[in-house]
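Below you'll find the structure, written out as structure tokens, and then a few comments.
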Amino acid sequence: MTHGRVPDVLVFDVNETLTDMSPLAGRLTDVGLPEQVLPAWFAGVLRDGVALTLAGGRASFADVAGDVLRTLLARQAPTADPERAVAHVLDALPELPVHPDVTEGVRALHAAGHRLLTLTNGSAATTRAVLDRAGLTDCFEALLDVQEPGAWKPSPAAYAHAVRTAGVPAARAMLVAVHPWDIDGAARAGLATAWVRREPGPYPSAMRAADVTVTGVADLAR
């Protein structure tokens, strides 16, 4: 690790890092959209949320996610009732499972004495529902979202909120995330980073590299 020491606090991203979002594809087909639209929808949510932050605006994950979904419905499923469709898809977020490696990894890290937090562009309440269902909530000392700092990751304000909550300097915390843009943002904010490489694609050369690359949370614990 470039920071030269094991971090005191591990800050976990949630969507796609801890949660398996693939079941949402079924909800999309329920409302008339092809399941292949899932990555485009989620990418659009991140794009618009980050754009709002850069412009000085703010909105919740649910509001942005609903708006992006309404646009997709208007283009690809114009006969669907947009409000019912949005509710049907977003209501599934608290019911998402965690990836198979997460339970083992989180429990091992917690048992080893590491302090664990979550930081999501989504909702802390949704994070709690997912972790409750997985039986992992007690392993985390704080479940954070970006509503208090009013800035979506990768804004420095989001990471500052996490380390301030943990009461440690940024250099003594590590962000664990599947998204390279999140890794890059955390690195620029002074945190150590662990990239969870769940897909075979390369890490973007234009972004700051992760201090550690792992295949999952259980791999990180090892």
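The values are calculated or read from the model by the stated rules, or taken from the named source; none is laboratory data. On a predicted model such as this, the values are computed, not experimentally measured, just so you know. Note that each Cβ is placed from the backbone with ideal geometry, even for glycine, and that neighbours are counted across all protein chains shown. Surface accessibility is based on the protein's heavy atoms, side chains included, excluding ligands, DNA and RNA. Shrake-Rupley method; radii C 1.70, N 1.55, O 1.52, S 1.80 Å.
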Task: the range 156-197: number of residues that are polar (S, T, N, Q) and closer than 15 Å to Arg208 by Cα - done: 1
Task: Unmet requirement for Arg58, which otherwise passes all of (1) under 20 Å from the mean Cα position of the chain (by Cα); (2) modelled with pLDDT of 95 or more - done: (2)
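To keep it simple, each residue is scored yes or no on (1) part of a strand (DSSP E or B); (2) on the phi > 0 side of the Ramachandran plot; (3) over 18 Å from the mean Cα position of the chain (by Cα).
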residue: Val163; (1), (2), (3): no, no, no
residue: Leu175; (1), (2), (3): yes, no, no
residue: Asp182; (1), (2), (3): no, no, no
residue: Ala187; (1), (2), (3): no, no, no
residue: Ala194; (1), (2), (3): yes, no, no
residue: Arg198; (1), (2), (3): no, no, no
residue: Pro202; (1), (2), (3): no, no, yes
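When you check Gly105 against the structure, is it under 24 Å from Pro154 (Cβ atoms) and in contact (Cβ under 8 Å) with a residue 12 or more places away in the chain, yes or no? Let's see the steps before the verdict.
Values: under 24 Å from Pro154 (Cβ atoms): yes; in contact (Cβ under 8 Å) with a residue 12 or more places away in the chain: yes.
Yes: the conditions hold for Gly105.
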Task: Failed criterion for Ala129 (all others in (1) free of Cβ contacts under 8 Å to residues at least 40 places away in the same chain; (2) open to solvent by less than 40 Å² (accessible area, probe 1.4 Å); (3) closer than 26 Å to Ala187 by Cβ hold) - done: (3)
Task: Val176 vs. criteria crowded, with 21+ Cβ neighbours inside 10 Å and in contact (Cβ under 8 Å) with a residue 60 or more places away in the chain - done: yes
Open item on the list: Please go through (1) open to solvent by less than 50 Å² (accessible area, probe 1.4 Å); (2) free of Cβ contacts under 8 Å to residues at least 60 places away in the same chain; (3) on the phi > 0 side of the Ramachandran plot; (4) not acidic (Asp, Glu) for Gly167 and return the number of the only condition it doesn't satisfy.
Closed with: (1)
TODO: Hey, can you tell me all the residues within the range 133-164 that are open to solvent by 20 Å² or more (accessible area, probe 1.4 Å) and basic (Lys, Arg)?
DONE: Arg133, Arg164
